[in-house]
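Participant: Sharing a structure here in C-alpha cells format.
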2 protein chains.
Amino acid sequence: MHGSEKALVLKEKFMTEISRDPSFRSHDIHDLSKEAIRERTMEKFGSMVHYVINEPLREFNLRMQLVSTADPAFWTRFGVHFGLFLGALRGGCTPGQMNYWIEKGAIGLNGVIGCFGMTELAHGSNVAGLETTATLDERTDEFVIHTPHLGATKWWIGGAASTATHCAVFAQLIVKGKKHGVKTFVVQLRDTKTFQLKPGVMIGDIGKKMGRDGIDNGYIQFTHVRIPRAHMLMKHTQVSRDGIVTDPPLAQLTYGALLSGRVGMVADSSNTAKRALTIAVRYAAVRRQFASGKNKLETQLLDYPIHQRRLMPLMAQAIAIGFTSLILTNMYEELTQALETLEPSDPNMHETLEKLKETHATSAGLKAFCTWACLETIEKCRQSCGGHGYSAYSTLPGMYQDFAVQCTWEGDNTILALQAGRSLVSSWESASRGKPLPPGVSYLASTETLTNKSNSKLDLGDIDKGWACVAANAVKKAAVDYARELGKGLSKDEAMERCSQSRFIAAKLHTIGYIFRMVKQAAETHATGPEKDVLVLNAKLYGLWQVEEQGAWFLKYGYFNAQQMDTVQETVDKLCLDLRKIAIPVVDSFAFSDHLVNSPLGRYDGRIYEAYFDQVRASNPPVKEHPYFARLIAPLLNRVNEADDEKDPEEAMGLEEELKELREASQSQKDAPQKVQVVGKGMGGKGVPGGGGSGAGGDVGQVVVDGK
Amino acid sequence: MHGSEKALVLKEKFMTEISRDPSFRSHDIHDLSKEAIRERTMEKFGSMVHYVINEPLREFNLRMQLVSTADPAFWTRFGVHFGLFLGALRGGCTPGQMNYWIEKGAIGLNGVIGCFGMTELAHGSNVAGLETTATLDERTDEFVIHTPHLGATKWWIGGAASTATHCAVFAQLIVKGKKHGVKTFVVQLRDTKTFQLKPGVMIGDIGKKMGRDGIDNGYIQFTHVRIPRAHMLMKHTQVSRDGIVTDPPLAQLTYGALLSGRVGMVADSSNTAKRALTIAVRYAAVRRQFASGKNKLETQLLDYPIHQRRLMPLMAQAIAIGFTSLILTNMYEELTQALETLEPSDPNMHETLEKLKETHATSAGLKAFCTWACLETIEKCRQSCGGHGYSAYSTLPGMYQDFAVQCTWEGDNTILALQAGRSLVSSWESASRGKPLPPGVSYLASTETLTNKSNSKLDLGDIDKGWACVAANAVKKAAVDYARELGKGLSKDEAMERCSQSRFIAAKLHTIGYIFRMVKQAAETHATGPEKDVLVLNAKLYGLWQVEEQGAWFLKYGYFNAQQMDTVQETVDKLCLDLRKIAIPVVDSFAFSDHLVNSPLGRYDGRIYEAYFDQVRASNPPVKEHPYFARLIAPLLNRVNEADDEKDPEEAMGLEEELKELREASQSQKDAPQKVQVVGKGMGGKGVPGGGGSGAGGDVGQVVVDGK
C-alpha cells in the first residue's frame, strides 16, 4: 500500500518529525480563529523550506503527500509557490528567463514568494475567457496589466492576501490592438523589503471559507500596472521588441502541467479517506450500543452487519484508490521523462502523445470520482461516529470542510467527468473505425463478446469482465447518443452537450472499472501469502459493492440477472464480515500516527472517551465570569410579572376622560383659524406628527399642521 | 406549497419582522467567533419570548418553522427549552406537577430555563442503557442524582453550558436497591439570581462543533445531587413516599413525543433544500461560462443540459418533500388530537394505535431519507456554484455544517431507516396472514398484480404502480430474508440484524414511493390550471429521476426493461429542460427574502458579483499593519545567502587541527585514572553529554564520565 518499504520508513520518519515540530502542533487547531490559523500556517514555512532545499525531490514529494493529508491548508499555501507558481515558471519560461527568476530567489523563497493568478470573479473553468488584459506598449517595451471591470478581478488567489510578492498572472495578450489569447506574465505585487503594495496593485482578502482557512486567498485588481516585456513567459508564445507574436507549433504539450495536480489529488483522496476510516473504524471497535441479551456487554458497533456495510466497502474503496494512485504516479513519472526527451522528429512521438492523451482523460475521470468518493467517505465516517462525529474535536468536520474544495479546483468534477466521457466517445469511434486503442480503454474493442451471463463464481475475473461489459456498453450508448444528435444537424460541441448525461455515466463506469482493474492487478501481481488474501478480499469487495451501487447497468446490459444480483448482495454481506474480522490490523497498516490522525475517537490505544473528555475540557476551560448573563439572561429570567405590563393602557392613562376633555375643547375651537396646534396632556409640549383628520387618530381631533 | 394563502402571508410577515430585528442581522455572521455567535444567539431570545407568549400556537409554530431555516442554531437553543424541556414536562408531569412548574415560570422563561439531559458520553441511541442514577433516599424523601463514571457524563446537552437553570435529567430509577428503568427528573443546575452552579453540579462547555455554534452544548456531571421526590415526573411511573413503584399500563403512548421532532425535520429538509436551491438556481441563471460560438455571449450555466441534471431533480425533490411534510403535519395534528381524547375503553383505541404505529414508522423513514436528501442537496448546490460555493459568504458551507446534525440527532438515520424497515417486514407478515393493512402500506397486499410491464406512457399512474411494485418486492425480500434467518434458529433481534441491508433497501424504496405518492396526490387534488401543470411536471420528474437513481430495483423486479430505462433517461432529460424554463419563477415561489437567503449568489435582483464583492470587502477590511510579516515572512524573504551558512563546518571550526591535538593529549593521558573530563577548545567549559566511546564521536576521545 505504501509503494515500497523505503517509502513507508520515510513516511514514519516524516511523521515523527512533524509530531515534534512545534509549528505542527495540532491539538488546539479546532479553536483557533482564522487569523491565528493563518499565522500558524506561515510558521510552518520555515522547516519545509529547509527540506525543499536539502531533500531529494522524490523524497520531498513523499513528504508533501503526507503533509497534504495532515495539514491541507498549509500544503495548499506552500504548494501555491512551489507547485503552481514555480510550475508556471518551469512550464512557461525560456531557459534564460528561468535563470533570471532563480537568481531572483524564486526557488528558495529568498526574494520571491509567488502566487498563481489564474481565476477571476467571473471566470473559473473557462480559462480562455479570462478578461484581465496585458497590452504591449511598444514605446516603452512594457506590458500594461489591467483589470477592465469587476468581473475580471483576480479571485481566489491563494497567497495573495498576505504572503506573495509576485504573481503569475494569466491575461489576454493584446498586441497592436489584436487579442492573442491568454498568456502568463509575472507581476510584482509587493515590495520585498517593506511588503507595501506596488503602485496600481489593489489586493484584498477573500475572507472566510468552508475550510483551509490557513491559506490566505485574496483578490487582485490591476490598474494599468507596467511590467517589462521580458516578464511575459515566452517558452511557447514569443513577443518581440517590435511587437511580432510567434505562436508555438505544439499546443498539446501543455497537457502535462495539469496532470501533476490530478495525480496528487488521487493520492490525497486515498490517504484522506484512510485517515477518516482510521477514526471511524477504531471508534466502532470501542463504541458499544445495545446489548443482545440481559447482563451481556453491549455490542461493538463494528459487529453490527449494517455498520460493516457502512464502513467496510469504503475501506476497500480507499485501498483500491490507493493502488490506483501508485500506478498512476508511476505512469505520470514515466510520461514526464518521455516528454522531456521528446523531439518533434522522434519516431515515438505519436505513441507518446496518444498515451499522454489517454492518461490525461483517465486522470480527469479519476480526479473527479476519487475526490467525490473521498468526500463521501469522510461524511459517512463522520455520521458513523454518531453525535461525536459532529464535535470539531473528532476532526472529521474539519476534514470534510478542508477536502470539499478538491471537487471544484483544478477542474470542476462534473466538467472533468464529461471531458473523460468525451475522450471515451472518441476512443469508441476510433475502435469502430478499426483503429488501435490505448491500453486503458482496450476493452472497448471487444465489448460484444463480453455481454454474456456470468457463471456467478464471482471471482476477480468475472467481476473484471462485468466492469468491462457495462463500461463498454455505456460508452457505446454515449457514442450512439452523440451520433444521433449529430445526425440532427447539431454542431459537435452542441451534440456533446446533449449527450452529457450518457457521457457522464460512461465516465463513471469506466473510472470505477479502471480502479477495480488497478486493485485487481495489485492483488494478483504484487502480493503473496496472507497479504495477497487480504488484497483479493479487498478487490472483490470493492468490485462487487460497486456492482450493487451501479446495479442498474449490470442488469440493463444483461451481465447479471436478478437472481445473481441477490447472490452479489449476499456475497458483499459476507465480504464485509470477512473484512471486519481484520479491520483493526488493516487500519493499523494505513500507518498514521496519533498526531497525524489528531482525533481522540481514532486513537491507537482505544482510550477514546478519556482522551475526548480531556481534549474538550482542555480546549474549553471554565470562564471566570459569564460573558452575557447580566446583559441578556438575568433580565429574562428574573423579570417582573408580565401581568403588570399588561394592565389596560387606556385605564392606566385615564384616556377616556382625556378624550372627553379634548372633544369638548375641539368643539369650542371649531371656528378658530386653520393654523393650530393641539397638544395633549402629558405629551411634553412637542408636536405630534401625523396627518390631520385621517387614520385611527382622526376622530381625536389632533390636528398638526405646522409640520416642523 | 405553503399550505394556505394565510400561511404564506404570515411567512412574509415573519420575514419582514426578523429582517428588521437587529438581533437577526445576518450579513456579518460568517466572521463571528464562536463566543460572539453564542451571545448574538442569546440576543434573539427577547423578541421570540414575546411571540411565544402572545401568539396563537399554530401561528407561532409557523414562525418557528421559518426561523429554523433562517437560523438553525437559534432555533435549536430556543427549542431546547420550548420543545424538549417543556415537552418533557408536558409528557411526563401530573397535572399538579405541571401547575407547579408553570408557577415557577417554566412557560415564559421567567424563573426557569430548561435543558434536556438525555444523551451521555457513552450512550446516545440506546436510551434504556443510560447510566446516570436516581436513587430514592426514603429517609429524606429525596432522589440522589449521580454520575457513576466518565461514560455516564451527560453530553451534548444544548443550553447547559451557559443558558439553563434546570435540566430534565434522564436517569435509572433505583428504589430499594432495584432498578426500574430510565425516568425523568427535574434537577436545578444553577441559582436563578447568581447563576452559580448548585452544589454537586459540574458543567463544562462541549466547545466547537461542525455547525450550530450558536447553541451552547455542554456536559454535566452530577455528584450526589439531592432533589425532592416530587421532582420526578410521575404521570406514567409513580414512586410513593414509602418507595412503592407503580408502572403505567400503556407504554405506547410515549410514541407521540418523538413524532413532533420528525415532522418538523421533514419540513425543515424541504425548506432548507429550497433555500439552497434558491441560491444555486439564481446563480446558474446569472453565471455564464463558455460561449457556443465566436463573439457570442457565454452560455448561462442553467442552459447546459448537465447543469439542469444537477439542479432540476433536486428542485423537484425539495418540492415533493414539501408536500409530504404538509400532509404529514396534518396527520400528526389529527393524531395528537385523537390521542388527547382517547380513553382506554374507547372503541377506536385499536385503530388509533395502529395509525400511530404506522405514522411512527413512516415518519422514521421520512426523517432519515429526507434529511439525507437535504444534506446532499445543499452540497450539490454548493458544488454547482463552483469556487464561489466554497466561500463562507455564499452561505452554503454554513448551511451544510448546520444541517448535517439532522442526520444524527433524534435517531441516527441508519437506525431509523432500519426501524422503518422492521415495521414494513411486520406489515408484510400481517398481510400474508390476511390482516388489513394501514393505508400507508396498503400497496403491500397487492404486489403480485403490479409486477407487470408498463406500457411506457410514463404518466403519474405508471410511475406510481412502479414504485408500489419495487417497494412491495423489496419489502417481500426483506421478509423472506428475515424468515430464512429465523429458520436458522436465530432470535428475532438477531435475525433482524442479519437482514438489515434488505430492510434498509425496503425502507428506502418505501419512503421514496411514499414521497412520490404525496406529491402526486398534491398535483392531482390540490391544484388547478397552470399550477397543476407545474406540479404534475414536478411529480413526474421526481418520480422518474428516482426511478433512474434506484434503477436496479426497477430492472430487477421487472417493472421496466432495458429499453424502457432508456426512455426514462430521455424523459428525465426533457423534464429537466421543461422545469429549467420555469426554474426562476418556481424558485421565486419558494418565497424567501434576500435577508433570509443571506447569500449574494442567491440575490433576487441577480446582481451577484457586485453584492458578493461588496460583502467580501466589507467583511475583510484592510489591516493597518501586517500581523506577522516582520516575525515570519521578512526573515524568510530577505535572508542572507544560504551559501554562507553552508560553509564547511569542519573548516570553519578548524576541527582537523583540534582533533590532532586532542588525539595527542589523549595518548599522553592514556594511563591516567578513570574519572576524567575532557573539554574541547571553545566549548565554554561545560561538559559535553554523551556516551563515551560509542557512536560517531567515540573516536574523538571525548569521554564524559561524571554525568553531572
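The values are calculated or read from the model by the stated rules, or taken from the named source; none is laboratory data. Please read all numbers here as calculations on a predicted model, not as lab measurements. Every residue, glycine as well, gets a Cβ built from its backbone with ideal geometry; the counts of neighbours run over all protein chains shown.
Participant: Residue pairs, Cβ under 9 Å, 6 or more apart or interchain, first in the range B:562-573 and outside the structural domain of B:Asp459 (by TED's automatic domain parsing), second assigned to a helix (DSSP H, G or I). List them.
Facilitator: If the second residue must be assigned to a helix (DSSP H, G or I), no pairs are left.
Participant: Criterion first (assigned to a loop (DSSP other than H, G, I, E, B) and in contact with a helix residue (DSSP H, G or I) (Cβ under 8 Å, 6 or more places away or on another chain)) does A:Leu277 satisfy it?
Facilitator: no
Participant: Got a sec? Which of A:Gly83, A:Gly114, A:Gly46, A:Gly105 is within 25 Å of the chain's Cα centre (by Cα), modelled with pLDDT under 95 and small (Gly, Ala, Ser)?
Facilitator: Going through A:Gly83, A:Gly114, A:Gly46, A:Gly105 in turn, the sole match is A:Gly83.
Participant: Further question: Scanning the range A:295-309 for residues that are out of contact with any Cys (no Cβ under 9 Å at 6 or more places or on another chain) and charged (D, E, K, R), which turns out modelled with the highest pLDDT?
Facilitator: Across the range A:295-309, the extreme among qualifying residues is A:Asp303.
Participant: Moving on. Which residues, taken from the range B:86-107, are of a type outside the set (Gly, Ala, Ser) and more than 14 Å from chain A (Cβ to nearest Cβ)?
Facilitator: Across the range B:86-107, the qualifying residues are B:Leu86, B:Leu89, B:Arg90, B:Cys93, B:Thr94, B:Pro95, B:Gln97, B:Met98, B:Asn99, B:Tyr100, B:Trp101.
Participant: Hey, another quick one. What is the number of the single condition among (1) in contact (Cβ under 8 Å) with a residue 24 or more places away in the chain; (2) crowded, with 18+ Cβ neighbours inside 10 Å that A:Arg288 does not meet?
Facilitator: Among (1) in contact (Cβ under 8 Å) with a residue 24 or more places away in the chain; (2) crowded, with 18+ Cβ neighbours inside 10 Å, A:Arg288 violates only (1).
Participant: Still on this structure: Could you please give the count of residues in the range B:395-412 that are facing chain A (nearest Cβ under 9 Å), of a type outside the set (Phe, Trp, Tyr) and touching a residue at least 12 places away in the same chain (Cβ under 8 Å)?
Facilitator: 8
Participant: Still on this model: Can you tell me which residues in the range B:291-301 are outside any loop (DSSP other than H, G, I, E, B) and either of a type in the set (Lys, Arg) or surrounded by fewer than 23 Cβ atoms within 10 Å (Cβ to Cβ) (or both)?
Facilitator: Hits for the range B:291-301 are B:Ala291, B:Glu298, B:Thr299, B:Gln300.
Participant: Just for helices (runs of 4 or more DSSP H) wholly inside the range A:594-708: which have at least 2 residues that are at pLDDT 55 or above?
Facilitator: A:594-597, A:608-619, A:634-637, A:649-653, A:655-668
Participant: Regarding B:Phe143, is this residue buried (at least 24 other Cβ atoms within 10 Å of the Cβ), over 30 Å from B:Thr395 (Cα atoms) and outside the structural domain of B:Val186 (by TED's automatic domain parsing)?
Facilitator: no
Participant: Mind checking which residues of the range A:135-166 are in a strand (DSSP E or B) and without any contact (Cβ under 8 Å) to a residue 60 or more places away in the chain?
Facilitator: Correct list: A:Thr135 only.
Participant: With respect to B:Val597, determine if the residue is within 14 Å of another protein chain (Cβ to nearest Cβ), among the β-branched types (Val, Ile, Thr) and in contact with a helix residue (DSSP H, G or I) (Cβ under 6 Å, 6 or more places away or on another chain).
Facilitator: No.
Participant: Would you pick out the residues in the range A:609-625 that are more than 7 Å from every other protein chain (Cβ to nearest Cβ) and among the aliphatic types (A, V, I, L, M)?
Facilitator: A:Ala611, A:Ala618, A:Val623
Participant: Right, B:His149: within 10 Å of another protein chain (Cβ to nearest Cβ) and within 14 Å of B:Tyr219 (Cα to Cα) or not?
Facilitator: Yes: the conditions hold for B:His149.
Participant: Can you say whether A:Asn110 is touching a strand residue (DSSP E or B) at 6+ places or on another chain (Cβ under 7 Å), within 14 Å of another protein chain (Cβ to nearest Cβ) and either without any contact (Cβ under 8 Å) to a residue 24 or more places away in the chain or surrounded by fewer than 19 Cβ atoms within 10 Å (Cβ to Cβ) (or both), as far as the supplied structure shows?
Facilitator: When the stated conditions are applied, A:Asn110 does not pass them.
Participant: Taking the condition of being small (Gly, Ala, Ser), within 30 Å of A:Ser619 (Cα to Cα) and more than 10 Å from every other protein chain (Cβ to nearest Cβ), how many residues in the range B:25-70 meet it?
Facilitator: So the count comes out to 3.
Participant: Condition first: among the charged types (D, E, K, R) and closer than 23 Å to B:Arg212 by Cα. Now tell me which residues in the range B:124-177 satisfy that.
Facilitator: B:Lys154, the sole residue that qualifies.
Participant: Let me ask something additional. Go through the range B:291-318 and count every residue that is under 30 Å from B:Leu366 (Cα atoms) and polar (S, T, N, Q).
Facilitator: 2
Participant: Among the residues of the range B:331-354, write down those that are over 23 Å from B:Arg58 (Cα atoms) and either in contact with a Ser or Thr (Cβ under 6 Å, 6 or more places away or on another chain) or touching a residue at least 40 places away in the same chain (Cβ under 8 Å) (or both).
Facilitator: B:Pro344, B:Leu353, B:Glu354
Participant: Looking at (1) in contact with a helix residue (DSSP H, G or I) (Cβ under 6 Å, 6 or more places away or on another chain); (2) under 30 Å from A:Asp402 (Cβ atoms), find the lone condition where A:Pro305 falls short.
Facilitator: (2)
Participant: Since B:Ala134 meets every condition but one in (1) in contact with a Leu (Cβ under 7 Å, 6 or more places away or on another chain); (2) more than 7 Å from every other protein chain (Cβ to nearest Cβ); (3) over 27 Å from B:Gly411 (Cβ atoms); (4) not polar (S, T, N, Q), which condition does it not meet?
Facilitator: Only one criterion in (1) in contact with a Leu (Cβ under 7 Å, 6 or more places away or on another chain); (2) more than 7 Å from every other protein chain (Cβ to nearest Cβ); (3) over 27 Å from B:Gly411 (Cβ atoms); (4) not polar (S, T, N, Q) is unmet by B:Ala134, namely (3).
Participant: Just to be sure before I move on: is A:Leu89 surrounded by 19 or more Cβ atoms within 10 Å (Cβ to Cβ) and either over 23 Å from A:Asn217 (Cα atoms) or among the aromatic types (Phe, Trp, Tyr) (or both) in the structure I sent?
Facilitator: no
Participant: Mind listing whichever residues of the range A:183-209 are surrounded by 16 or more Cβ atoms within 10 Å (Cβ to Cβ), within 14 Å of another protein chain (Cβ to nearest Cβ) and either in a strand (DSSP E or B) or among the charged types (D, E, K, R) (or both)?
Facilitator: A:Gln188, A:Arg190, A:Val201, A:Ile203, A:Gly204, A:Asp205, A:Lys208, A:Lys209
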